[in-house]
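The values are calculated or read from the model by the stated rules, or taken from the named source; none is laboratory data. None of these values were measured; they are calculated from a predicted model. Positions of Cβ are backbone-derived with ideal geometry, glycine not excepted, and every protein chain shown enters the neighbour counts.
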Amino acid sequence: EIVYGEGSEFTLIVYKKVVDATPIGRFVEQKEELKTGSYKPQFIAPDGADLVVDDNSMNLAVIKGLLTSTKMFISTARSGEECLDKLKSTNFNVVLLDHFMEGMDGVETMAKIRDRYPDLPVFAITANTEAGGEEFYLSKGFTGYFSKPIDGQLLEKTIRKYLPDDIVEDMVQ
């Protein structure tokens, strides 16, 4: 069972035949010291609103979880069509839009968003990390992109740039 926020443990057992018993070295595990104290967001913005669009419910839950401590309103959509419907009824500060979705994908959805909301910050979310990704997404009208798995601190830092100062309380780290 996978429980968000608690981590996972995997065991891999490999059976190998010993061909030569001569020692080849000594393995010493090095553990990084864990940071102490609880996580603090870079900012809080209870009046901020973000829309996260992905056809995978686990991805929606993870991204929503990354942003929970900012106290922003986080709405989710499972398709390009649902994204466009939600944009009609709510003024979002930022949209995070999955590239590869069934039906209308992120690039098609982005084109429709730009027709109606030319200045709305929209970031692609993608597992595709090939070189030239940034150029590709910028050429399709996206403001930028995030590779999966998403770095929570980078996500917060980026979203903060697109929030009006009067709705944000920056936190001292």
Flagged in the range 112-126 as more than 18 Å from the chain's Cα centre (by Cα) and within 19 Å of D50 (Cα to Cα), in numbering order, are K112, I113, R114, R116, Y117, P118, D119
Out of contact with any helix residue (DSSP H, G or I) (no Cβ under 9 Å at 6 or more places or on another chain) and modelled with pLDDT under 95 - does that describe any residue in the range 94-108?
-> yes
Number of the condition not met by V122 [criteria: (1) touching a Leu at 6+ places or on another chain (Cβ under 7 Å); (2) modelled with pLDDT under 95] = (2)
